[in-house]
């Protein structure tokens, strides 16, 4: 690698690249022009193994997130005290540094940092084609992407079902695409066809992912593909006409109580510098006035600014974009076999009627949980048998060591 400047190591799509405040020539194999511009503080003079590079990156992120907690490659996440919140913080920071989507399956309590490092550096094992036609379930995550509760869901299914998580497009994509549910579905449809070009398809989607999964099923059926199962995991519409108005008044808070007023959210916080306040205010104003492409560009321009509150602002922008996607979406009827997993609030709001009107072959399976506790052990004990039954499968014990499940 030739060039000058301050650099740090980044692993992207299996390639190790580097930089900051300098332009480096990594050769034509790494990027379209052979040059990369990233960030931080170490000049690379030799090429140790990819695992060593990745471990160094992870060790820095570990210290950032967990401070003085010792890093032991062989200590399980549970033994290290890494709970859901800390695993979320680690994953989001790793995604920023590595510039790639990661799965929460890497943070299963019985796995270790060593398992995570190997999972990042080793290619995924190919699907078992002998079982792919029956046992593969393509899973679309919720509005903010993959999360710990979906890792619990995948682990509960592991054994009889192999989950392939379809990662939603992120903020590197234009706002026009992110705010268009059909465009999002078309992107994921390409991944499905690459992963499984023939045979029946089984789909599942949680929350916002349920809408995308529904659109995927509609397009697959229109293209002549068989959809063996469409599993809608509590997709709650934001369109007012979908709700029972009396139930809304009883179960949902008034709109003006869901979030503080704009002036409250834009007040300067204690100990917040003027520059940080201005950056946060500018971003929030852009989102409030629905200049979402400008907000996205501003967000990405601050990608390497560690003072910039990336995690909450990412969630705010994705919420605005994907809410726009649902509100502007007009679904077509779909006759694929559909299993609707409905939380208590979904039943109270009358949503099974909404989905049953769109999907004549819908089976509604009510679950004693709310939208955010759907994948806790007790609800999962109700959900997993319903999915296995819909697929005509029998339960099988999961392996003692949770597998690193595949993403597409």
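Enumerate the pairs (first residue in segment 138-157 and over 14 Å from residue 212 (Cβ atoms); second residue anywhere and outside any helix (DSSP H, G or I) and modelled with pLDDT under 90) with beta-carbon separation below 7 Å, excluding pairs fewer than 6 apart on the same chain, so at least 6 apart or on different chains.
151/108; 154/163; 154/405; 155/108; 155/398; 155/402; 157/163
Can you tell me how many residues within segment 70-104 are at pLDDT below 75 and either in contact with a strand residue (DSSP E or B) (Cβ under 8 Å, 6 or more places away or on another chain) or assigned to a loop (DSSP other than H, G, I, E, B) (or both)?
7
State which residue is surrounded by the most Cβ atoms within 10 Å (Cβ to Cβ) when the search covers only segment 331-352 and only residues that are at pLDDT below 90 and out of contact with any strand residue (DSSP E or B) (no Cβ under 9 Å at 6 or more places or on another chain).
349
Quick one: count up the residues across segment 216-233 that are more than 16 Å from the chain's Cα centre (by Cα) and buried (at least 24 other Cβ atoms within 10 Å of the Cβ). Quick ask: steps written out before the conclusion?
Step one: filter segment 216-233 for residues more than 16 Å from the chain's Cα centre (by Cα), giving 216-232.
Next cut, buried (at least 24 other Cβ atoms within 10 Å of the Cβ) only: 216-217, 230-232.
Total meeting the criteria: 5.
How about segment 186-198: which of its residues are free of Cβ contacts under 8 Å to residues at least 24 places away in the same chain and touching a helix residue (DSSP H, G or I) at 6+ places or on another chain (Cβ under 7 Å)?
none
Which residues, taken from segment 171-185, are outside any helix (DSSP H, G or I) and either closer than 17 Å to residue 213 by Cβ or free of Cβ contacts under 8 Å to residues at least 60 places away in the same chain (or both)?
Residues satisfying the conditions are 173, 180.
The values are calculated or read from the model by the stated rules, or taken from the named source; none is laboratory data. The structure presented is a predicted model; accordingly, all values stated were derived computationally and were not measured. Backbone-built Cβ (ideal geometry, glycine too); neighbour counts: all protein chains shown.
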